[in-house]
Amino acid sequence: MAMLKFALYDYIPKRRIRRASFEEIDMTRRILDFKDGRRYASRWAARAVNCALSATNLKETVIVCIPASCQRTHVRRYRRFSSELCRLSGAANGFEHVRVDGKRRKVHMGHNREEADTAGNIRIDDTFFQGKKVVVFDDICTTCRTANAFIDRMKAAGADVRMTIFLAKTKRMNSYY
């Protein structure tokens, strides 16, 4: 059975933003504000994700965010969001059980589509996740490689990963646009 993966919104990369509609530009700004850890955007994203998951009983589920490239960015981007989403949804918060040591190479920044390096510097509390139902969250999905690598790591830690939700997916701009 394939695991459910879905995105709530479209994200327009900066190099394509000139071709975007006003609504797409506004949504992309909100998503980038979320990535920057702005309070309003964290609350907005938590409410949006909670609304999308509202038909799902999350009482026995842990929500965990795919780590950012370094611990400082990970905390800025996800601590407040995770806390608010778990408060709204009733899910357990897995934020404190995943940590980033050092810096991970930002694959998307160099337009390099190699596998994301998620093995060496991400620490997962295997004891905490062992046998637990997990929903994985990430901000933007472009190729799904980072998400797939993290899901594999979570499964290796004993987690039962049920679904992955992305705030947004990178929209491919067609030439007719």
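Couple of notes before you dig in:
- Only helices reaching 15 angstrom along their own axis (Cα) with mean Kyte-Doolittle hydropathy no lower than -1.0 count here, and for the DSSP H runs of the chain these are 22-35, 39-52, 145-156.
- Simple point charges give the picture: +1 on the Cβ of Lys and Arg, -1 on the Cβ of Asp and Glu, and for segment 53-92 a dipole about the Cα centre of about 260 debye.
- Positive minus negative residues near residue 141 (Lys, Arg vs Asp, Glu; Cβ under 9 Å): 0
- Placing +1 on the Cβ of every Lys and Arg and -1 on the Cβ of every Asp and Glu, with no other charges, gives the chain a dipole of roughly 620 debye about its Cα centre.
- Cα-centre dipole for segment 1-63 with unit charges at Cβ (Lys and Arg positive, Asp and Glu negative), debye to 20: 300 debye
- Computing FRET efficiency as 1/(1 + (r/R0)^6) for residue 101 and residue 55, where r is the C-beta to C-beta distance and R0 is 41 Å, gives about 0.65.
- Evaluated at q = 0.08, 0.17 Å⁻¹, a Debye calculation over the C-alpha positions of the chain (equal weights, vacuum) places log10 I(q)/I(0) at -0.23, -1.10.
No lab work stands behind these numbers, since they all come straight from the coordinates. Being a predicted model, the structure only gives us computed values, none of them experimental. Glycine also receives a Cβ, built like all others from the backbone with ideal geometry; neighbour counts cover every protein chain displayed.
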